Amino acid sequence: MESVATAGGRPWLRGGDAVLAAGLVMVAVQLVWKAGLVNRTYFRQDDFMFLARGLENGFTWDYLMRVDYGHLMPGAFAIHWALGRLGGHNDVLAHVLTLGLQAAAGLALLRLLRVLFGPRPAILVPLGFALVTPMTISGLSWWAVVAETLPFQIALPMALASHVLCVRTGRLRHAVAAAAWTAFGMVFFVKAPFIPVLAFVLTVGWLGGRQGGARRLLRVWALYLGVLVPYAALFLHQLLTTVQLTRQTSPISLPSAEVAAKSVWTLLTGSLIPTSLGGPWRWQPIGEDYALAATPAPLMWASLAVAVAAVAVSVRLRRRAWLAWATLLGYFLLADVAPIMLGRIELLGPDLSGYELRYLSSTAVVVAIVIGLAFLPVAGEPRPWLRPAGPLRLAWAPLAAVVAVSSVWSVAAYADRPLGRNVKSYVETAEAALALVPAGTVVLDAYVPEKVAFPLFFYDYARHSKVVDPAARHHVTWTRRLAGPMTVPRMFDARGRLRPLRLTGTTIPTGTACRPVGGTEVRFPIPDPPAGGEQVVQISYLNGEATTLEVRMGLARTSVPAGANLGITYATLDGGAPELALRTVGGGTTCVGEIRVGVPAADETAAAVPPQPVER
């Protein structure tokens, strides 16, 4: 037992260790490599919602413990809360945090591999896999995914390393460390409760848990339960009570057997297996800043054949290799597939969810560990081999080289797109525009372009006020519906600049002189009636004194003020009709000039603020 403790329990930072030095160099090189991609990314989609929520809320229990569509992640919410207060859309800080977490994840895996297998050169193979696999790349380009999954990729190997040391030495401090790292993972990611499950399989299969020593492990299992039980109770309570943006609690529903089977097959054969072998080689863009795996069918089948061969070889040569692969399959089904089945599959469909690699990004660490368990002896493991490897002894080298080259190629293919450049230009241009216009400027709080945030998913958090002015630092007047007298209201154009607003629709002619409107309704035929939907009516008027106009279009009606003298007032109604009716409310007469009916748009012929977009 002394030799095992020496191999697995010695300090892992030891001078003169060539394997350690090589591992550290590999971690550093992959950081430099990935920094090029990370530095080209920007906040996207729900990143803006999370940053806005952090600025809207105090650092409270309710804020931190909100379950966002099945995700309990108070740690990630804490990061969003702090990041918003450290500069709002501070992508430089987000990039530094991303690379720092990525470095810590690489070092944590290196520590686990050294503790589990000893300082043999072969551990550099699973480490290299985790560092270069495209499985993690799409998640690495999305800040919300980074803040949720990278801390878990640190916690999982650190917890397992402490667990291994606890099994080998029986020391309480290792048990406490294993439970603490598990709790740390739970603060960020809902897959962290599977860490004790992996620890149990590791103990039973490779660490001698079946041959004795179970008594001294009772403490670590008790500590795990002390973490898991309160977490499960809290998670279920928050899951069933948190109100989502849809004004409902988190939907829990199971798909049909056909949809479920197709989703599992697609995620396994179109995403997990190909990316484990350097794929997907081709990407399906989702906008300009993200992409799904789009593994070509021939390469998908080729990957499946290579994976089957690798499993067969390992099972033939390595004792309990079958258990390693069964562990990966079980983790895939329970940690990756099950959460998707409980609600998201109905929204996304089997194809979209099956090729979404962010659901697998954290699984890369588990795959790396399983590769080690399937092909390498655990330190101190008795009789690890079923039979000599023979000619297959060096077969891994060309395969590893092909996987490495393919991985670099796939990552480069993912990076061959604008990534966050255009979204960053839009947001920073809009922020500059708000800083330049006079205080009190009326700005229509419309939805941002879909490339920035999808209104279908994020509702009010996809509006400009939430995306580009979440801290309300700019002293403009936001309005969601044009109503009442306004002087040159503005709205954002397609590139984030503020321009005067105009209505795209039809003009109701009133003749050369204005037309008096009093308490009796006056009807104006609309030359090109709108088909329906929300319509804005712009009314020019000349008043001797302030009055109120009632505006009716079909069954929809509203009242808006009209000030004294010459001015313009707006009314917003839902619906369409062949005529518009006006009358004054409470006495008085208004002389009505040009009337326009239509949908607000930025006037592309007017001067823009700023004159040119902010380019990056």
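The values are calculated or read from the model by the stated rules, or taken from the named source; none is laboratory data. A quick note: this is a predicted structure, and the numbers were derived from the prediction, not measured. All Cβ positions, even for glycine, are placed from backbone atoms using ideal geometry, and neighbour counts span all protein chains on display. Note: areas computed on protein heavy atoms with side chains; ligands, DNA, RNA excluded. Shrake-Rupley method; radii C 1.70, N 1.55, O 1.52, S 1.80 Å.
Could you tell me whether the range 463-525 comes out rounded, prolate or oblate from its Cα gyration tensor? Rule is a ≥ b ≥ c as square roots of the eigenvalues, rounded for a/c under 1.5, then prolate if a/b exceeds b/c, otherwise oblate.
Taking the square roots of the gyration eigenvalues as a ≥ b ≥ c, the range 463-525 is prolate.
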Inset, instruction - Decide, for the range 114-239, between rounded, prolate and oblate: order the square roots of the alpha carbon gyration tensor eigenvalues as a ≥ b ≥ c, take rounded if a/c falls under 1.5, and otherwise choose prolate if a/b is larger than b/c, else oblate. - result: oblate
Inset, instruction - Report relative contact order for the chain in percent, whole number only (criteria: Cα-Cα under 8 Å, sequence separation at least 6). - result: 14
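Mind checking the full-extension length gain between residue 421 and residue 488? Use 0.36 nm per residue of separation minus the Cα-Cα distance, one decimal, nm. Don't skip to the end; give the middle numbers.
Values: separation 67, 0.36 × 67 = 24.12 nm, distance 3.09 nm.
Net length gain for the segment: 21.0 nm.
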Legend entry - Cα long-axis angle, helix 297-317 against the chain (0 to 90 degrees, to the nearest 10): 30
Legend entry - Alpha-carbon Rg with Dmax, taken over the range 136-184, Å: 13.5, 41
Legend entry - Student exercise, the chain dipole from Lys, Arg, Asp, Glu Cβ charges, in Debye to nearest 20: 2740
Inset, instruction - Take peptides 20-32, 316-328, 174-186 and line them up by average Cβ neighbours within 10 Å, highest first, as a rough protection proxy. - result: 174-186, 316-328, 20-32
Inset, instruction - Write down the radius of gyration of the range 492-532 and its Dmax, each obtained from C-alpha positions, in Å. - result: 15.6, 45
Legend entry - residue 286-residue 197 FRET efficiency (beta carbon distance; Förster radius 35 Å; 0.05 resolution): 0.60
Legend entry - Rough spin-label spacing in nm, given labels placed 7 Å along Cα→Cβ, for residue 581 and residue 33: 7.2
Inset, instruction - With a ≥ b ≥ c taken as the square roots of the eigenvalues of the C-alpha gyration tensor of the chain, please select rounded if a/c is under 1.5 and otherwise prolate if a/b is larger than b/c or oblate if it is not? - result: prolate
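Could you sort 99-107, 551-559 so that the peptide with the highest average Cβ count within 10 Å comes first and the rest follow in order?
Sorting 99-107, 551-559 by mean packing, highest first, produces 99-107, 551-559.
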Legend entry - Cut-off under 5 Å, modelled amide H: who pairs with residue 517 long-range: 590, 591, 592
Inset, instruction - Could you rank 71, 237, 163 by how accessible they are, 1.4 Å probe, largest area first? - result: 237, 71, 163
Inset, instruction - Take the alpha-carbon centre of the range 22-43, take the same for the range 110-134, and report the distance between them in whole Å. - result: 17
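Rounded to a whole number, what % of the accessible area of the chain do carbon and sulfur atoms account for, probe 1.4 Å?
Details: 16860 of 26000 Å².
Carbon and sulfur together cover 65 percent of it.
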Legend entry - Simple label model, 7 Å out from Cα along Cβ direction - residue 612 to residue 24, nm: 4.7
Legend entry - Folded to 0 to 90 degrees: helix 345-354 orientation relative to the chain principal axis, Cα: 50
Inset, instruction - Over the range 404-522, calculate the relative contact order: mean separation of alpha carbon pairs under 8 Å at least 6 apart, over the residue count, as a percent. - result: 28
Inset, instruction - Would you mind getting the accessible area per residue of the chain, heavy atoms of the protein chains only, 1.4 Å probe, in Å²? - result: 42
Legend entry - Restraint check, 34/191; 424/451; 34/424, Cα-Cα greater than 22 Å: 34/191
Legend entry - Efficiency of FRET from Cβ geometry, residue 477 and residue 225, R₀ 35 Å, rounded to 0.05: 0.05
Inset, instruction - Using the charge dipole of the range 37-109 (Lys, Arg: +1 at Cβ; Asp, Glu: -1 at Cβ; taken about the Cα centre), state which of 60, 87, 107 has its Cα farthest towards the positive end. - result: 107
Legend entry - Principal-axis tilt of helix 195-206 within the chain, Cα atoms, nearest 10 degrees: 20
Legend entry - DSSP beta bridge pairing in the chain, given as percent antiparallel to the nearest 5: 95
Inset, instruction - For residue 122 and residue 454, compute 0.36 nm times the residue count separating them, minus their Cα-Cα distance, and round to one decimal in nm. - result: 114.9 nm
